[in-house]
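Presented below is the structure to which this report refers.
None of the figures in this text is laboratory data; all of them are computed from the coordinates on show. Quantities reported herein were computed from a predicted structural model and do not represent experimental measurements. Cβ coordinates were reconstructed from backbone atoms using ideal geometry, including for glycine residues, and neighbour counts include every protein chain displayed.
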Amino acid sequence: MSDKRAIHKTLETILAPAGGGVHLVSTGLEETQELQRAIYGAASVQGIGTCWHRSIEKISESSIVLLGVPSDTGAGFVRGASQGPAGIRRALLDIPEHVAHGANVVDAGDVRVVPHLLSEEMVSEAQLRSTRAALYGDAASDLPVTPLDQCYLALELLRKLRPDIVPIVIGGDHSVGWPAFAVAHASTVARGLKVGLLHFDAHTDLLAERLGVRYCFATWAYHANELLGRDGRLVQVGIRASGKSRGHWESTLGVRQYWPEEYLVRPITDIVNEISERFEERGVDCLYISNDIDGTDREFATATGTPEDRGLRPEQVSELTLRLAERFPLVGADLVEVAPPLGIPEDAKTTLETACLYVADMITAAGSAR
């Protein structure tokens, strides 16, 4: 078996067609199958697997790949982000002209989420064997069974198929920021490049651990910053809900944060230029963007676990994304914490419209880098 075919086979083992990462037996199954038929162009339910297989084979010819991680096990307050990837994809289908439907974009599907699990280090050997048998029919397999580790492996394999591919990970809760950024960081280091991390969020996510858990929604940015060596390449915009002051985080961890007293007052162009200068001073060559939807003001993003007032406006997020990607080519991105079940239907509609805008920005940024 060729290396490429072996990678395809592993991807098709640990992933499912888009929307299929949430295990369904009856309730919701028909709706999910309709979504899959629409995404992959299958004439019938029976043809979904074949059409998805063709999409996997197209990855090495594509420049941008979407990967869903429908897990909210790593969340902290209100759940619902597990429905984010499917909700965003349905909203994208309602916009025929959206750049997500371009020939250079392929949807690889979802990691296969076991909703009780988060990362491999939290799982006993007995549970690993049991879940491997359930997912893969092989208790002795060495394949991961948790969403964070499946995401890491999937992104590694995608980059093996095409080293310069730009993955856009759709969550799910913000825990997935850890494997998504870790793979991007490793790939840039291997190419002798320095990556800057632009993080939109209402919260810092800078705890070393939370309730004894090392990798989750509240800790991923801490570990990403450790990979960067605390050298100032992590910039956080939208922070406004923190138990500690901006001065604490900046002085102890070397990050740069923008709170409402700056982004609600200063021209966003000034902030773009300031971040660009900061990255240039630190030798940054390329950019990773992590976008928690709650960094955006709740007027535009209510359907999330922790909506907050005094946030960024979508046009500010777009300008920061697109302008900085013009200078620093995008190597990866994630969009997380969209939770369509939360709030009234109008809340979900508005939040999904905002999410679709951000997906468009990420794809445009990835395309402009080429």
Report the label-to-label distance for GLN127 and SER44 in nanometres (one decimal), using points 7 Å from each Cα along the Cα→Cβ vector. 4.1
Amide H neighbours of GLY19 under 5 Å, counting only residues 5+ apart in sequence or on other chains, H built in-plane at 1.01 Å? ASP110
Theoretical ellipticity at 222 nm over the chain - DSSP helices of four or more residues, -39500 (n - 2.57) apiece, nearest 500: -13500 deg cm²/dmol
In the list (1) 26.3; (2) 17.7; (3) 48.6, the entry giving mean projected area of the Cα convex hull in nm² computed from the coordinates is (2)
Using 1/(1 + (r/R0)^6) with R0 = 25 angstrom and r between the beta carbons of ARG230 and LYS160, what's the FRET efficiency to the nearest 0.05? 0.25
Scoring the chain by relative contact order with C-alpha pairs under 8 Å, at least six apart, yields a percentage of 19
Once both label points are put 7 Å beyond Cα along the C-beta direction, the ALA139-THR10 separation in nm becomes 2.5
Looking at the square roots a ≥ b ≥ c of the eigenvalues of the Cα gyration tensor of the stretch 182-302, which shape do they give, rounded for a/c under 1.5, prolate if a/b is larger than b/c, or oblate? oblate
With θ set to phi - 60° and the Karplus curve 6.51 cos²θ - 1.76 cosθ + 1.60, what are the ³J(HN,Hα) couplings of the stretch 103-114 in order, to the nearest whole Hz, using x for Gly and Pro? 5, 8, 10, 10, 9, 7, x, 10, 5, 8, 7, 8
Could you give each residue of the stretch 15-27 its phi-based ³J(HN,Hα) in whole Hz, using Karplus coefficients 6.51, -1.76, 1.60 with θ = phi - 60°, and x for Gly or Pro? 10, 10, x, 3, x, x, x, 8, 6, 10, 10, 9, 4
Starting from the 7 Å offset along Cα-to-Cβ, what nm value, one decimal, do you get for the label separation of GLU326 and LEU193? 2.0
Cα shape, the stretch 281-370, gyration tensor, a/c 1.5 rule: prolate
